[in-house]
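J.: The structure under discussion is supplied below as structure tokens; questions concerning it will follow.
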Amino acid sequence: MKFSILAPLVGFLLPWQTRFIFRAPEIGGVAWDFGVVSLFISQIAIVLWIIITLWSERVAVRTWFIEWSTKKIIIAELAVGLCIAQLTVSSDRVLTLQWLVGFSLLVGLAFVLRQNPHARIPFAAACLISVVLQALLAALQVFAGATFASSLLGVAAHKAATAGSAIVEYGDQRYLRAYGGQPHPNIFGGLALAATALFGWLLHNKHTLGVKKNIIYFSLIVTGALFFSFSRAAWLGFVIWLIVLWWQRLQLRESQVTQLKYAALTFGILTVLFFPMVSTRVAPSATAQTEQRSVAERIAGFSQFKSVMRDHWFAGTGLGAYTTRLFGATGDTRTPVHAAPLLVFAELGLFGVALIVTIAWLSRMRISTRTVLLALIPIALFDHYLFSLWSGQVVLFLMLFQMFQIRDNDKADDNQQ
């Protein structure tokens, strides 16, 4: 396959937030983050890879379309109908179109990786190198107590002493949480979790002993960065990932089991060393104002969800347009409800959810019993970014990528026996 450089290029760019911003609205003098319209540099690279793949394999693609069954045609018609319905009901069609384009690009990326099996490892390796760089950046942020602003890297400036920064309070001290190259430490925690699992997937493939050792060393750097994100949902997801894979350890390679052991040891040591800050996050005291405020905002979000859904329960608010309706209902645009399932229902409505369920039923989607997606359950239940933000959708994509590749590897192993 020509243009093989595109696999590592897309993989490397995918975790970064470098983008061109076309609209950055404000409401009442306050930036409306969820109203920003932009184009990520990684999306441009994905478009380029999709176009080249479609052109180079145009005969096979044309044959594939011609041989579509009636069921596939119905699924495609339902998907197109859902997109049209969302654009029709949305109060901000530009935001909805942006969401649909981003999601479509990830579907296209999955198609390209499926068509190019030899591109999967270069793609994953480049993506992991990118996350390791963000993990090293996160270490500097935590120990310096500040982040620097860079439009090139897509990161904003934050200081532990500045209001609005994500911090951990202990006594009268404020400690900055690790942002990496992400908009928020919670998202960085999710990315580090996906990368830690992706390192395990990489170890499932055949490598020399030296390469396996390097993979494990780099995975521990990312595990440490996951800890310093101080994301409770990512922590819980990490514990679930450990438990699920340890339960299945007889099906894993020796190097994968070694990674599990060292990852658990690394996380355990950091927990003991920084236990006071961990306890603040897990069981915040009445004096931890930041934690109390975070809990209060989440509770308020559920109340706001009810206000929005009162008038939009059937058709939804439109994909990406929840905060637009939220402003109309409550005058608040800060953040969507902190629960991805509720946000899915709010934006799609009963009609959209019914269409999604129908498409899933027609597709006969199956989830592998060994799926690492279980690790994302806490993030989905306690945060919204897996659905609301491009950076979160990338985290979800990286987890789905591992699930399907593990199944492919299993099939290959079965065929050899």
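J.: In region 345-417, which helices (runs of 4 or more DSSP H) lie fully inside it and hold 2 or more residues that are closer than 20 Å to ARG120 by Cα, at pLDDT below 90 and among the aromatic types (Phe, Trp, Tyr)?
T.: 390-416
J.: Working only within region 175-197, note down all residues that are part of a helix (DSSP H, G or I) and either within 23 Å of ARG19 (Cα to Cα) or modelled with pLDDT under 95 (or both).
T.: Those that are part of a helix (DSSP H, G or I) and either within 23 Å of ARG19 (Cα to Cα) or modelled with pLDDT under 95 (or both): PRO185, ASN186, ILE187, PHE188, GLY189, GLY190, LEU191, ALA192, ALA194, ALA195, ALA197.
J.: In addition: Name the one entry in GLN17, GLN86, GLN43 that is part of a loop (DSSP other than H, G, I, E, B) and polar (S, T, N, Q).
T.: Checking each option against the conditions leaves just GLN17.
J.: When region 118-153 is examined, which residues are found to be crowded, with 18+ Cβ neighbours inside 10 Å and part of a loop (DSSP other than H, G, I, E, B)?
T.: Answer for region 118-153, where residues must be crowded, with 18+ Cβ neighbours inside 10 Å and part of a loop (DSSP other than H, G, I, E, B): there is none.
J.: If you don't mind, another one. Mind checking which residues of region 1-60 are charged (D, E, K, R) and over 25 Å from TYR322 (Cα atoms)?
T.: Hits for region 1-60 are LYS2, GLU57, ARG58.
J.: Any residue that is within 23 Å of the chain's Cα centre (by Cα), farther than 26 Å from PHE40 by Cβ and of a type in the set (A, V, I, L, M, F, W, C) - is there at least one of those in region 185-199?
T.: no
J.: Right, next: Among the residues of region 42-77, count how many are within 22 Å of PHE397 (Cβ to Cβ) and touching a residue at least 24 places away in the same chain (Cβ under 8 Å).
T.: Here the count works out to 12.
J.: Could you give every pair whose Cβ atoms fall below 6 Å, whose first residue belongs to region 290-316 and is among the hydroxyl-bearing types (Ser, Thr, Tyr), and whose second residue is surrounded by 12 or more Cβ atoms within 10 Å (Cβ to Cβ) and part of a helix (DSSP H, G or I), counting only separations of at least 6 or pairs across chains?
T.: SER307/ALA329; SER307/THR330
J.: Could you list, in sequence order, the residues of region 69-92 that are farther than 28 Å from ARG23 by Cα, surrounded by fewer than 12 Cβ atoms within 10 Å (Cβ to Cβ) and not polar (S, T, N, Q)?
T.: If the condition is that a residue be farther than 28 Å from ARG23 by Cα, surrounded by fewer than 12 Cβ atoms within 10 Å (Cβ to Cβ) and not polar (S, T, N, Q), then LYS71, ILE73, GLU77 are the ones that fit.
The values are calculated or read from the model by the stated rules, or taken from the named source; none is laboratory data. The shown structure was predicted, so the numbers you read here are calculated from the model rather than taken from an experiment. All Cβ positions, glycine included, derive from the backbone under ideal geometry; neighbour counts span all protein chains shown.
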